[in-house]
Amino acid sequence: MLKLEILYQDDYLVVVNKPSGLLSVSFEGNRARTAQQILEDLMRKNGSFSAKHRPFAVHRLDRDTSGVMMFALGELSQQKIMDSWHTMVTERLYRAVAENPRDKRNVLAETGIIDDALAFNAYNIGYVPREDEQVETVPARTHYKIITRGETHTLFELSLDTGKKNQIRAHLANKGYPLAGDTHYRAKTNPFGRLALHARSLDFTHPFTSEPMHFEMPEPAEWEQFVMSARKKLRETKTEKNRTENKNRQPHKTQHLANEIKLGKKRLTRKDKAHMNFIEQGKMR
């Protein structure tokens, strides 16, 4: 069963750590449990739930994205937070593990900005359209920094100027870096059994008290360990391959020397001896 962890709660808002695989909020026709519903149950248990003091969504994380997110408590709080979201939120950081591009010419620099506009298909999945594709788009802007670059995967830190659906996933996939475990964007690997995207931190100015707030939940430690170990394994594989090649060459050298030695022990004929003095004959024996 997926568990939701409450990181902070007051009269106006609540901050939680959402696990991967859990919807943030419900949608029409959905029967699965959501973070919002689980939060309501937790508030009922601790006695803080009421008709006027219940969770309302102010932003979302994709179902398979884990990490820090906020809910407003009450409709008035929701309205104030949503109206001031772009000014009250000072930073949101994400971490992601992505597959490296097959074409080494497409390797990204250590830091940068991806600002490709996004379109949405019939299933409401965001993507970067081709230049000649006539579709409606929305602006999107993602800042990235490479934390660890491995031989097969890369660990990214990312922040958003715009919070469009699937923004990080679509932007990185279009650059040749599909997130590990992301079948929607044709990832080939799934080393963690889940989408490798995590909302690591949320910084904001409290909309009612003006107090600066910071909440952080690190991504699983195995993510960076995997990126680094893949690099180490590749080096070890190359080293072992070189050793094997050298070992395979060695018998040929030994055989070649043996042939030389064997050929060097040719017996002298009478004709040979007639043309050599006794010292030269001794050297040939």
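The values are calculated or read from the model by the stated rules, or taken from the named source; none is laboratory data. Computed from a predicted structure; not experimentally measured. With ideal geometry, Cβ positions are generated from the backbone for all residues, glycine too; neighbour counts draw on all protein chains shown. The protein model used for the area step is the full one, side chains on, heavy atoms only, and it has no ligands, DNA or RNA in it. Shrake-Rupley method; radii C 1.70, N 1.55, O 1.52, S 1.80 Å.
One table, with the values for the structure above:
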read-out	value
Condition broken by E222, with the remaining ones in (1) within 29 Å of the chain's Cα centre (by Cα); (2) exposed (fewer than 14 other Cβ atoms within 10 Å of the Cβ); (3) modelled with pLDDT of 95 or more; (4) over 22 Å from E5 (Cα atoms) satisfied	(4)
Matching residues, region 83-128, being without any contact (Cβ under 8 Å) to a residue 40 or more places away in the chain and open to solvent by less than 30 Å² (accessible area, probe 1.4 Å)	W85, G112, A119
Inter-residue pairs, beta-carbon under 8 Å, first under 15 Å from T34 (Cα atoms) and touching a residue at least 24 places away in the same chain (Cβ under 8 Å) and in region 1-20, second assigned to a loop (DSSP other than H, G, I, E, B) and of a type in the set (D, E), 6+ apart	S20/D64
Flag for G67 being under 23 Å from F208 (Cα atoms) and open to solvent by less than 30 Å² (accessible area, probe 1.4 Å)	no
Residue in region 196-218 that is part of a loop (DSSP other than H, G, I, E, B), open to solvent by less than 10 Å² (accessible area, probe 1.4 Å) and under 18 Å from H153 (Cβ atoms) present	yes
Qualifying residues in region 120-133 (those that are hydrophobic (A, V, I, L, M, F, W, C) and out of contact with any helix residue (DSSP H, G or I) (no Cβ under 9 Å at 6 or more places or on another chain)) - the one modelled with the lowest pLDDT	A122
Qualifying residues in region 7-39 (those that are modelled with pLDDT under 95 and of a type in the set (G, A, S)) - the one surrounded by the most Cβ atoms within 10 Å (Cβ to Cβ)	S26
Within region 92-128, tally of residues that are of a type in the set (F, W, Y) and within 21 Å of S20 (Cα to Cα)	2
Of residues in region 129-163 being outside any strand (DSSP E or B) and of a type in the set (K, R), the one most open to solvent (accessible area, probe 1.4 Å)	R130
Test for G67: is it on the phi > 0 side of the Ramachandran plot, touching a Lys or Arg at 6+ places or on another chain (Cβ under 9 Å) and not acidic (D, E)	yes
Pairs where the first residue, in region 53-78, is within 15 Å of L4 (Cα to Cα) and of a type in the set (K, R) and the second is open to solvent by 10 Å² or more (accessible area, probe 1.4 Å) and modelled with pLDDT under 95, C-beta under 9 Å, 6+ apart	R60/V25; R60/G163; R60/K165; R63/A32
Failed criterion for R169 (all others in (1) free of Cβ contacts under 8 Å to residues at least 40 places away in the same chain; (2) in contact with a helix residue (DSSP H, G or I) (Cβ under 7 Å, 6 or more places away or on another chain); (3) not in a loop (DSSP other than H, G, I, E, B) hold)	(1)
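Table: residues versus (1) β-branched (V, I, T); (2) in a loop (DSSP other than H, G, I, E, B); (3) open to solvent by less than 10 Å² (accessible area, probe 1.4 Å); (4) touching a residue at least 60 places away in the same chain (Cβ under 8 Å).
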site	(1), (2), (3), (4)
K165	no, yes, no, yes
Y177	no, yes, yes, yes
H184	no, no, no, no
T189	yes, yes, no, yes
